[in-house]
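The values are calculated or read from the model by the stated rules, or taken from the named source; none is laboratory data. Predicted model only: the values in this text are computed from it and were never measured. Using ideal geometry, Cβ is built from the backbone for each residue, glycine included, and neighbour counts are taken over all protein chains shown. Accessible surface areas use protein heavy atoms only, side chains included; no ligands, DNA or RNA. Shrake-Rupley method; radii C 1.70, N 1.55, O 1.52, S 1.80 Å.
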There are 2 protein chains.
Amino acid sequence: MANIAVVGAGAVGGYYGARLAQAGHDVRFLLRRDLEAVRARGLQVFSPAGDFHLDHVNAVATPEELGTVDWVICSLKTTSLDAAGPLSAPCVGPNTRVIALMNGLGIESRFSQWFEPRQVFGGMAFVCINRGEPGVIHHLDYGRVSIGHALDDPAENELLRALLESGNIETVVAPNLRYARWEKLCWNIPFNGLSVAGGGIGTATILASAELRATAERLMREVVLAGNADLAAAGSEARLDAEEVIPRMFTLTGTMGDYRTSMVIDYVQGAELEVETILGNPVRRARELGVPVPAIETLYAIVANADRVRRGLQPVLTGADLAQPRPVHP
Amino acid sequence: MANIAVVGAGAVGGYYGARLAQAGHDVRFLLRRDLEAVRARGLQVFSPAGDFHLDHVNAVATPEELGTVDWVICSLKTTSLDAAGPLSAPCVGPNTRVIALMNGLGIESRFSQWFEPRQVFGGMAFVCINRGEPGVIHHLDYGRVSIGHALDDPAENELLRALLESGNIETVVAPNLRYARWEKLCWNIPFNGLSVAGGGIGTATILASAELRATAERLMREVVLAGNADLAAAGSEARLDAEEVIPRMFTLTGTMGDYRTSMVIDYVQGAELEVETILGNPVRRARELGVPVPAIETLYAIVANADRVRRGLQPVLTGADLAQPRPVHP
């Protein structure tokens with residue numbers, strides 16, 4: 001059994017941490033919003049794979065209380081990516097392995113500034129999961145984690161696979177981490193992005209609109225082009241196959257009901273959006289590579305603006321504005 | 001002096017009709033919202049070119065009251081394009097000329113179904129203008145009208161130019177109507193579209209955001225490509241020059257202050273957006289021509305959705321939705 005620290009235990013970290021704790025690992029959760037509730041009542045997971053409850057949860061408020069562990073699962077929102085190093089560092093010793101269980105691009109490069117690259121992994125969770133009231137996690141569907149090691153070491157990947165599978169977590173070792181990141185972006189860019197650009201809509205609304213659906217497909221095609229150029233530039237022979245990935249993403253999404261993406265939940269709640277890691281970094285990487293991604297760029301501009309608007313950083317016009325007499329000679 | 005009927009006298013029709021009336025033409029206005037105010041108090045125009053007031057305005061509620069005229073200026077919102085024929089027809093005789101003073105693409109083809117093509121003109125107003133309280137029009141800046149005849153008859157264009165210039169309206173005869181439509185779309189697509197996709201923002205906000213500004217430029221480039229393909233397909237030798245048009249549009253917009261596009265005003269007021277003529281028709285024409293317009297397509301999908309959302313036809317998620325317990329096993 002391993003010692004595991006979950007840093008940033010929102011829906012994703014809470015769920016996977018709970019699965020590993022259920023399997024008998026010593027899991028310690030660094031919590032903020034749910035700290036008191038989890039200390040008082042434990043952690044409740046509702047899941048199609050079986051509901052369960054952890055009665056006694058090692059929940060702490062500061063990283064120093066976590067102690068040095070074998071594995072860190074860092075599942076902070078990437079809007080707090082700068083804090084991931086300082087928050088994880090207190091539990092990282094020379095033999096600790098750190099999994100960045102986050103969406104977006106440009107994640108492991110940051111972790112490799114804080115820790116030895118040989119200690120760093122990336123993970124992408126294909127899971128439908130939402131937080132409920134404090135201490136409650138609603139696992140709705142799926143749960144597979146796609147993993148990769150920062151140096152693409154197969155032996156290291158097998159260690160992480162074994163850990164996750166011990167918690168009954170379906171695990172896929174990606175051809176490489178870069179591939180896994182772009183594959184996940186094939187879903188995150190269209191569905192997170194359009195759910196916000198659409199003003200706060202679920203996945204079913206995107207699929208039901210011919211134009212939004214076509215836009216989602218166009219976005220995926222651009223992600224595949226940029227991702228394959230990135231893989232080629234890195235000397236990898238792995239490639240995303242648009243004719244395989246795109247139908248798979250649509251089929252997957254079609255079974256989700258009117259799923260609320262993590263980004264739309266943040267948007268509705270007025271929280272900061274993961275716009276830079278999910279949209280901005282892929283756009284910037286595509287530009288570096290000279291790959292045109294006009295649909296992604298358009299979506300990025302609109303979602304970044306929506307983020308500013310929702311958080312009150314960018315005012316929008318109101319009926320009261322229109323009723324104001326305008327300067328006649330501007 | 002000519003008899004002129006203004007069908008759909010909003011900001012644009014009201015302003016140009018008032019200019020022509022000021023010059024002594026017999027102008028009759030078909031009004032809806034402002035009918036009573038204009039009958040009671042006339043029409044007030046505030047303008048940097050000189051404020052003026054029309055004391056006695058021939059304002060009517062039904063097209064039958066307009067009588068047969070020399071010129072019809074049809075300046076309905078294109079969301080009412082289907083009504084333009086029936087509303088204009090009562091004042092169209094065999095010698096009447098009809099100007100579709102509207103934005104977007106696919107306008108004259110409709111008018112040419114209702115009237116003889118030799119009777120049909122198109123006009124695009126480059127003007128910053130907003131309606132104030134009923135009976136008041138705020139002309140803010142500019143005012144040039146770019147015109148074309150449905151059959152590109154130079155003699156006909158000169159007749160329309162003479163009419164407009166008699167009202168001190170700066171008039172440019174476009175190389176052809178198709179050119180004029182696409183040129184205007186170089187402004188309308190980015191600025192109308194992004195003002196709505198941005199959640200209700202003015203032109204200054206678009207220019208101030210590096211990403212939105214870059215998106216506006218990208219949209220213009222796609223408009224130029226599609227427009228030039230459309231011109232070539234029609235056998236015209238006229239071409240839009242991106243290197244001339246794009247800087248001109250940005251320079252123009254930079255002098256407008258935080259201008260509120262007609263589409264953003266509709267959006268804020270919850271009125272139907274001119275999304276199909278300004279975005280949908282250009283996208284469909286580009287598809288017919290095989291010209292990729294991914295940024296315009298993305299914007300079209302987002303603005304069409306925003307239109308549905310704003311008019312209550314497409315619900316969006318709220319905090320209350322998120323607080324609802326989710327079905328655990330979807």
About its Cα centre, chain B carries a charge dipole, from +1 on Lys and Arg Cβ atoms and -1 on Asp and Glu Cβ atoms, whose size in debye to the nearest 20 is 660 debye
In square nanometres and to one decimal, what's the mean projected area of the convex hull around the Cα atoms of the range A:179-310? 7.3 nm²
Additional length obtainable on full extension of the chain from A:ALA208 to A:ALA320, 0.36 nm per residue less Cα span: 36.9 nm
Shielding of A:197-207 by partners, i.e. mean partner chain Cβ atoms within 10 Å per residue? 5
Phi angles of the range B:132-138, converted by Karplus (6.51 cos²θ - 1.76 cosθ + 1.60, θ = phi - 60°) into ³J(HN,Hα) in whole Hz with x for Gly and Pro, give x, 4, x, x, 10, 10, 9
Between B:THR255 and B:ASP82, 0.36 nm times their residue separation minus their Cα-Cα distance comes to what? 58.8 nm
What percent does the relative contact order of the range A:1-118 come to when contacts are Cα pairs within less than 8 Å and at least six residues apart? 26 percent
Other chains' Cβ within 10 Å of A:61-71 residues: what's the mean? 0
Under a Gaussian network model of chain B whose springs join Cα atoms within less than 10 Å, the largest fluctuation of B:PRO175, B:PRO294, B:PRO282 belongs to B:PRO294
Over 11 Å apart: what share of the alpha carbon pairs of the range A:69-115 falls there, rounded to a whole percent? 64 percent
Whole percent per 20 Å bin, from 0 to the bin with the longest distance: what is P(r) over all C-alpha pairs of the protein assembly as shown? 18, 43, 25, 13, 1
Do any trypsin sites (Lys or Arg not before Pro) in the range B:242-321 lie in a loop, going by DSSP, with at most 11 other beta-carbon atoms within 10 Å of their beta carbon, and if so which? none
Dipole of chain A [Lys/Arg +1, Asp/Glu -1 at C-beta], most positive-end residue of A:LEU279, A:MET220, A:VAL196: A:VAL196
Quick calc: nm separation of the 7 Å Cα→Cβ label points for A:GLN113 and A:ALA61 -> 3.0 nm
Can you tell me the accessible area per residue over the protein assembly as shown, all protein chains present, probe 1.4 angstrom, in square angstrom? 37 Å²
With +1 on the Cβ of every Lys and Arg and -1 on the Cβ of every Asp and Glu, and nothing else charged, how large is the dipole of the range B:3-174 about its Cα centre, in debye rounded to the nearest 20? 340 debye
Among the lysines, select those whose C-alpha is under 20 Å from the C-alpha of A:LYS184, and discard any that sit fewer than 8 residues away in the same chain. A:LYS77
Tell me, what is the FRET efficiency for A:SER236 and A:GLU288 to the nearest 0.05, using R0 = 22 angstrom and their Cβ-Cβ distance as r? 0.85
Partner shielding of B:211-220, as the mean number of partner chain Cβ atoms within 10 Å, equals 4
Rg to Rh, two decimals, where the range B:97-214 supplies the alpha carbon set and Rh follows Kirkwood: 1.03
With the dipole of the protein assembly as shown worked out from charges on the C-beta (+1 for Lys and Arg, -1 for Asp and Glu) around the Cα centre, which of A:ALA233, B:GLY13, B:GLY319 lies farthest toward the positive end? B:GLY319
Suppose we take every Cα in chain A and form the convex hull; what volume per residue is that in Å³? 156 Å³
How tilted is helix A:177-187 with respect to the longest principal axis of chain A? Cα atoms for both, answer in degrees (0 to 90, nearest 10). 50 degrees
Post the alpha-carbon centroid distance, the range A:95-174 to the range A:1-57, in whole angstrom. 16 Å
With θ taken as phi - 60° and the coefficients 6.51, -1.76 and 1.60, list the Karplus ³J(HN,Hα) couplings across the range B:218-225 in order, rounded to whole Hz; mark glycine and proline as x. 4, 4, 4, 4, 5, 4, 4, 4
Accessible area buried at the B-A interface, both sides summed, 1.4 Å probe (Å², nearest 100): 4400 Å²
Can you give me the % of accessible surface on the protein assembly as shown that is carbon or sulfur? Probe 1.4 Å, all protein chains present, nothing else counted. 51 percent
Length-normalised contact order of chain A, Cα under 8 Å, at least 6 apart, in percent, tallies to 14 percent
From the phi of every residue in the range A:241-252, what ³J(HN,Hα) in whole Hz does the Karplus formula 6.51 cos²θ - 1.76 cosθ + 1.60 yield, where θ is phi - 60° and glycine or proline is x? 9, 3, 6, 9, 5, 5, x, 4, 5, 5, 4, 4
Nonlocal amide H pairs with A:LEU140, under 5 Å, H built at 1.01 Å: A:CYS128, A:ILE129, A:ASN130
Largest first, what is the accessible-area ranking of A:VAL57, A:VAL283 with a 1.4 Å probe? A:VAL57, A:VAL283
P(r) for the range B:3-174: what percent of alpha-carbon pairs falls in each 10 Å bin, starting at zero? 11, 44, 37, 8, 0
Hey, can you grab everything whose amide H is under 5 Å from the amide H of B:PHE29? Only 5+ residues off in sequence or another chain; H modelled, so Pro and N-termini drop out. B:VAL6, B:ASN58, B:ALA59, B:VAL60
Mean-square fluctuation maximum in Gaussian network of chain B, Cα pairs under 10 Å, restricted to B:HIS53, B:HIS139, B:HIS149, hits B:HIS53
